[in-house]
Amino acid sequence: MFPVLVMTSHVTMKILSECESGLCPKLFRKLLLFSGNDYMGLSSHPTVAEAATKVAQDYGMGTRGSALICGYTTYHRLLESCLAESKNKEDCLLCPTGFSANMAFMTVVGYVGSLSAVNETDCQDGVAIFSDALNHASIIDGIWLAERQGCVQVFIYRHCDMFHLNGLLLNCMMKKKVVVTDSLFSMDGDLAPMVQLSKLRKKHGFLLVVDDAHGTLVYGKNGGGVPEEFGCANDVDICIGTLSKAVGCHGGFIACSKRWKQLIQSRGRAFIFSTSTPVPIIAAAHAAVTVAKKETWRRKAIWNQVQEFRTLTGIPITSHIISLIVGSEEQALKASRVKQAHAEMWLSYNSNQAPHLTYAGYGSLLVQHTPKMILGNSPLHYPNA
């Protein structure tokens, strides 16, 4: 474990998991982490640490430029190939973060739509984007930028409502259609209806884009994510992901065809104008993906945690992400403080982050959690919340 600086809306609290240093002992406390994203426990795996250390010693830290100038190395290519194979795609493009990956792709969609405006053609030749109402902020911001480029229409369908989506698709006269969704919604813990989306794709012929940030490595027989879990990997045209969740490192990626990769490389500004991810981090991420493929027990352990949590608490969660509606802002903050007082780290979040919820408690199950930790730190122990 390592020092963590926890930022909340009202207080900054320093937390040190191991207090042997003796520095200001009253300010440091040991907490059980139930709000992290290192689902597979790979961030501290010896193989991952060794890979990063070796490359840092050999080549230093910085990549010294953007990917299109001098920041693209053999290590980057190896990781791209590994991720493309995992996602069952022809190729893959690494981005600095998962946020920038969504931004880069959506601005390219906007560029495709803008070609109609430049050629002064009917905007029916533009692009229609259909987005789930609860998609991640990076998708929302990317769509906003795409919309500003002209000849792009945006339709928001009700959360996971395929009847509503089908109706919007039927009534849309635009030829080019893109449907974008999270695979596993980070603020709710529920899954996109992948099978129904695949059926609608066959019916309407749209481009299906899935952000598999929270599903990569965790879902699927081979860790290919939510699309693999539901046998829909071939129906997903673009799969966007992150290296900062189950991979335990940092960065983002877009798994796609070679043609889409070339287009994003030439028009995706969030990719073009960003410094490439440092080589040690890339080497660590490649090692983490390799370890996850070999140590399949890690993925199984997470699902054992989910089942254990359901059994011990009676809360019918469907994934390793736990979202509990608490009520008012005051109740949510009180619940969070109570958990910290009991040496437990859960987060509360407000309507700015998830407008459809009032105020909620957020947590996640990690491979390192034990039944004793889960039972002793159940959110059912929130008093009066």
message: Please give me, ordered by residue number, the trypsin sites (Lys or Arg not before Pro) of region 165-240 that lie in loop per DSSP and have at most 14 other Cβ atoms within 10 Å.
response: Lys175, Lys221
- request: Highest first, please rank the peptides 124-134, 38-48 by the mean number of other Cβ atoms sitting within 10 Å of their residues.
  value: 124-134, 38-48
task: Output the pairs from Lys202/Lys258; Lys89/Lys372; Lys175/Lys294 with a Cα-Cα distance over 32 Å in this structure; if there are none, say none.
output: Lys89/Lys372; Lys175/Lys294
field: Amide proton proximity set for Leu93, modelled H, under 5 Å, gap of 5+
entry: Ile254, Ala255, Cys256
- line: Charge tally for neighbours of Phe206 with beta carbon under 14 Å away, counting Lys, Arg as +1 and Asp, Glu as -1, is +4
message: Which of rounded, prolate or oblate describes region 87-185 when judged by the alpha-carbon gyration tensor and an a/c cut-off of 1.5?
response: oblate
message: I want to verify the translational diffusion coefficient of region 47-294 in µm²/s; compute it with Stokes-Einstein, Rh as the Kirkwood radius over Cα pairs, at 4 °C and 1.567 mPa s.
response: 71
field: Potential lengthening between Lys30 and Lys258 on full extension [0.36 nm per residue; Cα-Cα distance subtracted]
entry: 77.3 nm
Gain in span if fully extended, Asp125 to Leu312, counting 0.36 nm per residue against the direct Cα distance: 61.9 nm
query: Residue separation times 0.36 nm, minus the C-alpha to C-alpha distance between Cys82 and Lys199: what's the value?
result: 39.3 nm
message: Between Ile272 and Tyr59, how high is the FRET efficiency from 1/(1 + (r/R0)^6) when r is the Cβ-Cβ distance and R₀ = 25 Å? Nearest 0.05.
response: 0.60
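Every number in this text was worked out from the coordinates using simple rules, so none of it is lab data. Being a predicted model, the structure only gives us computed values, none of them experimental. Note that each Cβ is placed from the backbone with ideal geometry, even for glycine, and that neighbours are counted across all protein chains shown.
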